[in-house]
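Following: one structure in structure tokens, then a few remarks.
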Amino acid sequence: MSVDFKEYSRKMEKTLDVLIENFDAVRAGRANAKVLDRITVEYYGSATPLNGVAQISSPDARTLVIQPWDSSLLKAIQKAILSSDLGINPQNDGRVIRLVFPQLTEERRKDLTKQVRKYSEEAKVAMRNVRRDGMDYVKNLKKKSEITEDEQKKAEKDLQDMLDKNIKKVDEALAAKEKELMAI
């Protein structure tokens, strides 16, 4: 009997997906609409994602233009952006909101690099926890005599290999994001 690790593999892949989403939300000098993904606006009594109430475009590399479908939302959108952790002052001209992304300073680049390193470390910890859960599952199977000791050893090695492969993907994603952040 071989041990099925699909669930643990799926959890590690999901962790990697969340890490990539977090990386996408960190701006790197260029205007990227993904930085607005976490911002929600009060719309008819419920928190609605910004991209659900407005069109977001990027006319140039350092500007985002937010054009709400309902112009009464301009103030709410502006307030939501100001209260977020973006650190950008929205410019409201009565029809659209403009976000001008300043050129990143060396200090800000280093801060963002620390932030993405923290995200990657959190992802690694989450993956190690998934591996631990898998190891507990394997030990439980052995305790119930559903697998042999050799099968237990192989299963534990497979889990470790799965973790190593996913940690390598995290490190590759981190290296790519750091390179993007430090590029001028």
* To do: For segment 1-23, state whether one or more residues are over 30 Å from Asp158 (Cβ atoms) and either among the hydroxyl-bearing types (Ser, Thr, Tyr) or out of contact with any Pro (no Cβ under 8 Å at 6 or more places or on another chain) (or both).
  => no
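Residues are listed down the side, and each one gets a yes or a no for (1) open to solvent by less than 90 Å² (accessible area, probe 1.4 Å); (2) over 27 Å from Gln115 (Cβ atoms); (3) touching a residue at least 60 places away in the same chain (Cβ under 8 Å):
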{"site": "Lys14", "(1), (2), (3)": "no, no, no"}
{"site": "Thr48", "(1), (2), (3)": "yes, no, no"}
{"site": "Pro68", "(1), (2), (3)": "yes, yes, no"}
{"site": "Gly87", "(1), (2), (3)": "yes, no, no"}
* Asked: With respect to Lys6, is the statement that it is exposed (fewer than 14 other Cβ atoms within 10 Å of the Cβ), on the phi < 0 side of the Ramachandran plot, of a type in the set (D, E, K, R) and modelled with pLDDT of 85 or more true?
  -> yes
* Asked: If you scan segment 16-33, which residues turn out to be within 16 Å of Ile97 (Cα to Cα) and either surrounded by fewer than 19 Cβ atoms within 10 Å (Cβ to Cβ) or acidic (Asp, Glu) (or both)?
  -> Asn32, Ala33
* To do: Scan segment 93-142 for residues that are open to solvent by 70 Å² or more (accessible area, probe 1.4 Å) and not in a helix (DSSP H, G or I) and report the count.
  => 5
* Output yes when any residue across segment 74-85 is open to solvent by 30 Å² or more (accessible area, probe 1.4 Å), of a type in the set (Gly, Ala, Ser) and in contact (Cβ under 8 Å) with a residue 24 or more places away in the chain, and no when none is. => yes
* Asked: If Leu36 passes every condition in (1) farther than 30 Å from Ser71 by Cα; (2) touching a strand residue (DSSP E or B) at 6+ places or on another chain (Cβ under 7 Å); (3) not charged (D, E, K, R) but one, which one does it miss?
  -> (1)
* Scanning segment 50-66 for residues that are in contact with a Lys or Arg (Cβ under 9 Å, 6 or more places away or on another chain) and in a loop (DSSP other than H, G, I, E, B), which turns out surrounded by the fewest Cβ atoms within 10 Å (Cβ to Cβ)? -> Ala61
* To do: May I ask you to say which residue of Lys114, Lys110, Lys118, Lys34 is of a type in the set (Lys, Arg), in contact with an Asp or Glu (Cβ under 6 Å, 6 or more places away or on another chain) and within 29 Å of Leu174 (Cα to Cα)?
  => Lys34
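The values are calculated or read from the model by the stated rules, or taken from the named source; none is laboratory data. Model, not experiment: these values are computed from the prediction. When we count neighbours, we look across all protein chains shown, and the Cβ atoms used for this are built from the backbone with ideal geometry, even at glycine. Only protein heavy atoms, including side chains, enter the accessible area calculation; ligands, DNA and RNA are left aside. Shrake-Rupley method; radii C 1.70, N 1.55, O 1.52, S 1.80 Å.
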